[in-house]
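S.K.: This is the structure, below, for whatever I ask next.
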Amino acid sequence: MANDDQSAQSEIRSLNPDNSSSRDNQDSQRNNQRSPLEDPANPYYLHHGDNPRNTLAMQLSISVKNKIGFLDGSIPKPSPTDFVMYNAWVRNNNIVISWILINSVSKEISSSILYDDSAAAIWNDLKMRFHQRNGPHIYNLRKGLMNLKQEAQTVSMYFTKLKTVWEELSNYRPSCTCNGCSCGGVKKLQEHHHMEYIMSFLMGLSDNYTQVRSSILLMDPLPEMNRVFHLVSQEEHQKGNTIG
């Protein structure tokens, strides 16, 4: 009887094999056939938390939400004949517009751009409208950066102030968004800004850090900013121990 039972189970297994690889293939096919509206990695995907009342830090947050293509116009409006994708584009575009209107501009400004039909058009309008007004602010930031000195502050306090001004200035620096640069110019530009950042920090240090400053300037290539800060902080700590 035991042999008969085993034979029967073997026949059942042969008729209904546990084909896990087949199931995996089916799951993979279903994932590949997933609609872009259901794929979290696709910019057309709308999470249930993506609503107009979300507080966003404009361009950065829209980028995190994977919606930057609707802001810069790199995701064009599909043809109305493609009903599903056309309506998905309209919904995403309207969500981005609501983020701009509700969280990023005043009521006076929002009333003048309310009837633009795309987030990209609104964004370009705002950039053109306020671009010329950045001049005085950039001037004040640059002047403050040039006059910023450590003096009696700790290295950490001085660096925090400099970092705040530098990062605000970075918001006004043009950047390449096409991802098509093949000559290495973008990398060289980033390296140049990095060098300027380090120079600004070292120039404002007090004369007590002449030795470590000279050592850093002799490094080729220059280390990362965090490393520079660590070296100067280490020098400050050693000087404090010596005085103690």
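The values are calculated or read from the model by the stated rules, or taken from the named source; none is laboratory data. Just so it is clear, the structure is predicted and the values come from calculations on it, not from any experiment. When we count neighbours, we look across all protein chains shown, and the Cβ atoms used for this are built from the backbone with ideal geometry, even at glycine.
S.K.: So which helices (runs of 4 or more DSSP H) stay within the stretch 100-160 end to end and still have 2 or more residues that are modelled with pLDDT of 85 or more and β-branched (Val, Ile, Thr)?
M.R.: Working: elements: 107-113, 119-130, 134-147.
By residue number, no helices (runs of 4 or more DSSP H) qualify.
S.K.: Mind counting the residues in the stretch 53-99 that are hydrophobic (A, V, I, L, M, F, W, C), modelled with pLDDT under 85 and surrounded by fewer than 13 Cβ atoms within 10 Å (Cβ to Cβ)?
M.R.: Qualifying residue count for the region: 3.
S.K.: Looking only at the stretch 222-234, decide whether some residue is part of a helix (DSSP H, G or I) and modelled with pLDDT under 90.
M.R.: Kept after step one, since they are part of a helix (DSSP H, G or I), are these residues of the stretch 222-234: 225-234.
Right, trim to modelled with pLDDT under 90 and you get none.
No - not one qualifying residue is present in the stretch 222-234.
S.K.: Give just the number: which of (1) among the hydrophobic types (A, V, I, L, M, F, W, C); (2) touching a residue at least 12 places away in the same chain (Cβ under 8 Å); (3) loosely packed, with under 13 Cβ neighbours inside 10 Å does Ala152 not satisfy?
M.R.: (2)
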